[in-house]
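Heads up: the structure comes next, in structure tokens.
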Amino acid sequence: MDAILNNLFEIIYSLMGIIITCVVIPYIRNKWKATKYEYTANLIADAVGAAEQKYINRVGKFGIQKNKSVKGYLETQGIDINCAEVNNMIENAVYSLEDDPKYPTVTVTTEEGRI
């Protein structure tokens, strides 16, 4: 009887190990990656919004300075800025600012025309 129970417990523990390895660990890993991606996207959106606000009343094109400002902030937060995915997220955040009421866009007009 003890041998049967020992075999049964070995089978149950083996199945639990398989379930944890095949289901639980990948689920936790995917959840962690999604959370990390969302955190990075929020940091980038805030950095882009801050860069837009920093240069909002200045005349001229400040795209390079804004980009450096965003990347400098992301570096201080420990995000690898050389990743193509991060650059795409920055571009996406810039284009999504047009629809965001939190960061109003201002059109500056000079004697030469609109900037």
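The values are calculated or read from the model by the stated rules, or taken from the named source; none is laboratory data. The structure displayed is predicted, hence computed values, not measured ones. Every residue, glycine as well, gets a Cβ built from its backbone with ideal geometry; the counts of neighbours run over all protein chains shown.
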Next item on the list: Select from segment 59-78 the residues that are surrounded by fewer than 18 Cβ atoms within 10 Å (Cβ to Cβ) and touching a residue at least 24 places away in the same chain (Cβ under 8 Å) and write down the one among them that is nearest to Tyr37 (Cα to Cα).
Entry: Gln77
Margin query: I want to confirm something. Restricting to segment 55-88 and keeping residues that are among the aliphatic types (A, V, I, L, M) and farther than 17 Å from Ala45 by Cβ, which single residue is modelled with the lowest pLDDT?
Written below: Val59
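For the condition at pLDDT 85 or above and either in contact with an Asp or Glu (Cβ under 6 Å, 6 or more places away or on another chain) or surrounded by 11 or more Cβ atoms within 10 Å (Cβ to Cβ) (or both), what is the one hit in Ala3, Ala93? Lay out the reasoning, then the answer.
Working: Ala3 fails: either in contact with an Asp or Glu (Cβ under 6 Å, 6 or more places away or on another chain) or surrounded by 11 or more Cβ atoms within 10 Å (Cβ to Cβ) (or both).
Sole residue among the options that is at pLDDT 85 or above and either in contact with an Asp or Glu (Cβ under 6 Å, 6 or more places away or on another chain) or surrounded by 11 or more Cβ atoms within 10 Å (Cβ to Cβ) (or both): Ala93.
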